[in-house]
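Here, each number is a calculation from the coordinates, and none is a lab measurement. Fair warning: this is a prediction, and the values are worked out from it, not measured in the lab. Cβ coordinates were reconstructed from backbone atoms using ideal geometry, including for glycine residues, and neighbour counts include every protein chain displayed.
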Amino acid sequence: MSKDITLNVNGIDHHVNIQGNETLLKVLRDKLGLTAAKEGCGAGECGACAVIYNGSPASSCLILAVEAEGVEILTLEGITPKDHLHPIQQAFIDKGAVQCGFCTPGMIITTYSLLKSNPDPSEDEIKKAISGNLCRCTGYVQIIEAIREAARRLKRVKGRRK
Amino acid sequence: MENFEFISPITIKGAVSQYKKGANNYYLAGGTDLIVLMREGILVPEKIIDLKTAGLPSGIKKLKTEIRIGALATLSEIEHSSFIRKEIPFLAEAAGKLGSPLTRNRATIGGNLCNASPAADTATPLIAVGAKFILSDGKKERRVKAEEFFKGVKQTVLKKGELLKEIVIPRSAGKGIFYKKSRIKLVDLATVNMTVYREKKKYRIVIGACHITPLRIRAAEEKLNKAKKIDLALINETAEIVVKTIKPISDMRGSAEYRKQLVETHVARLIGELAGVEV
């Protein structure tokens with residue numbers, strides 16, 4: 001089955017022709033050129049393919065592109081400002097939370113969603129939030145530190161805006 | 001993943017009639033299990049029928065005497081619902097221990113139940129609380145008790161094309177506790193799971209991942225319900241009945257012997273907590 005659909009990604013409507021058996025992840029990467037989300041396990045275990053789907057983070061490797069028509073999708077590209085990094089991205093760099101980088105986009109998507117609903121998470125809340133995002137390099141300590149640092153910086157940004 | 005025909009029915013009737021048109025058609029809800037099996041080539045469906053457009057009730061409704069949960073409610077919705085957390089906290093806890101947040105944001109309670117894994121995390125709390133499931137074949141509806149829904153590993157009472165529409169939970173003052181043991185603290189499937197529930201002086205004990213279906217242990221419940229006084233000795237005898245009734249298997253998540261020990265220890269602990277007896 002092949003179908004023309006409209007995908008709303010990062011606030012832009014994209015008209016694409018897709019096959020029924022193509023995952024949202026594959027269409028994002030191969031047809032829209034949005035390569036931040038990665039295919040790790042392909043079975044919803046690793047979180048490397050996380051995107052914000054209808055307001056919550058989800059594994060785009062387990063969503064069919066054809067189901068995603070009419071849903072608001074946000075990828076890491078949509079979170080990243082044009083001329084600088086997002087405070088979460090900068091905190092990951094500053095705290096050494098990136099080694100090979102494969103899990104990082106998914107980690108940042110999950111962090112973005114966590115800090116939106118809970119601007120000051122405890123360590124346990126952070127661990128629970130990233131429990132579906134596997135990292136095989138850092139041992140998570142730096143990632144948790146980066147998330148706490150990002151929370152502090154985002155609060156400061158918010159404070160300045162007030 | 002092989003290609004297939006994707007169908008977005010707009011009514012339950014339409015969904016059922018599409019489903020019945022072939023021998024190899026599948027309903028899609030959250031997709032967190034189905035799409036994995038399709039990607040691995042274990043399932044090669046002809047048609048995928050998306051239930052999310054079919055007008056099934058969604059969300060959680062609070063009525064005077066019952067709570068209704070739409071089959072398409074996600075596990076995250078149930079986990080975070082302040083109302084479920086207040087009235088059926090053990091169901092919220094079970095939902096919140098299934099998979100990862102990424103999975104729970106997509107996976108539905110209907111999918112978890114219709115998949116009929118003996119380890120389904122939402123099964124033991126629903127059986128313990130006396131939930132009923134509303135099944136629909138597009139024309140007629142019928143109600144079955146949660147404990148009668150499961151027939152075997154991946155088998156339910158659902159007839160061809162029939163689907164789970166809504167879950168009905170009686171509102172009561174009972175108290176329940178859910179327990180799940182898995183190899184790692186988060187994300188993993190259950191080695192064993194269980195719910196013990198108490199309403200007035202009546203107990204219900206439901207054990208998961210230790211039989212071909214989640215299993216209510218009536219003989220053990222009787223033991224507690226008939227007792228004039230519940231003390232440590234009686235709790236230990238009850239736990240023994242539970243262990244004698246279950247038939248766990250040995251697999252990658254634990255040996256049968258280990259499962260029996262887990263069940264014996266934790267079912268006693270849960271009963272003790274509800275009865276106010278130190279175990």
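A:Asn54 meets each of the listed conditions (1) polar (S, T, N, Q); (2) within 8 Å of chain B (Cβ to nearest Cβ); (3) under 15 Å from the mean Cα position of the chain (by Cα) apart from (2). What single numbered condition from (1) facing another protein chain (nearest Cβ under 10 Å); (2) surrounded by 23 or more Cβ atoms within 10 Å (Cβ to Cβ); (3) touching a residue at least 40 places away in the same chain (Cβ under 8 Å) fails to hold for A:Glu69? Status for A:Glu69: all satisfied but (2). Residues in segment B:270-279 that are without any contact (Cβ under 8 Å) to a residue 24 or more places away in the chain and buried (at least 16 other Cβ atoms within 10 Å of the Cβ): 0 in all.
Quick check on A:Asn10: is it facing chain B (nearest Cβ under 9 Å) and among the polar types (S, T, N, Q)?
Values: facing chain B (nearest Cβ under 9 Å): no; among the polar types (S, T, N, Q): yes.
When the stated conditions are applied, A:Asn10 does not pass them.
Can you find a residue that is part of a helix (DSSP H, G or I) and more than 10 Å from chain B (Cβ to nearest Cβ) anywhere in segment A:37-47? No, there is no match, as no residue in segment A:37-47 is part of a helix (DSSP H, G or I) and more than 10 Å from chain B (Cβ to nearest Cβ). In the set A:Ile108, A:Ile93, A:Ile126, only one residue is assigned to a helix (DSSP H, G or I), away from chain B (no Cβ under 14 Å) and either buried (at least 20 other Cβ atoms within 10 Å of the Cβ) or out of contact with any Leu (no Cβ under 6 Å at 6 or more places or on another chain) (or both); that residue is A:Ile93. Scanning segment B:56-84 for residues that are within 18 Å of the chain's Cα centre (by Cα), in a strand (DSSP E or B) and without any contact (Cβ under 8 Å) to a residue 40 or more places away in the chain yields a single hit, B:Ile60. Residues in segment A:23-36 that are more than 15 Å from B:Thr32 (Cβ to Cβ), within 14 Å of chain B (Cβ to nearest Cβ) and buried (at least 24 other Cβ atoms within 10 Å of the Cβ): A:Val27 alone. It is to be established whether one or more residues within segment A:69-83 are over 30 Å from B:Ala54 (Cβ atoms), touching a His at 6+ places or on another chain (Cβ under 7 Å) and assigned to a loop (DSSP other than H, G, I, E, B). Yes; the residues of segment A:69-83 include at least one that is over 30 Å from B:Ala54 (Cβ atoms), touching a His at 6+ places or on another chain (Cβ under 7 Å) and assigned to a loop (DSSP other than H, G, I, E, B).
Candidates in segment B:99-110 are the residues that are touching a residue at least 60 places away in the same chain (Cβ under 8 Å) and over 17 Å from B:Val187 (Cβ atoms); of these, the one that is nearest to the other protein chains (Cβ to nearest Cβ) is B:Thr108.
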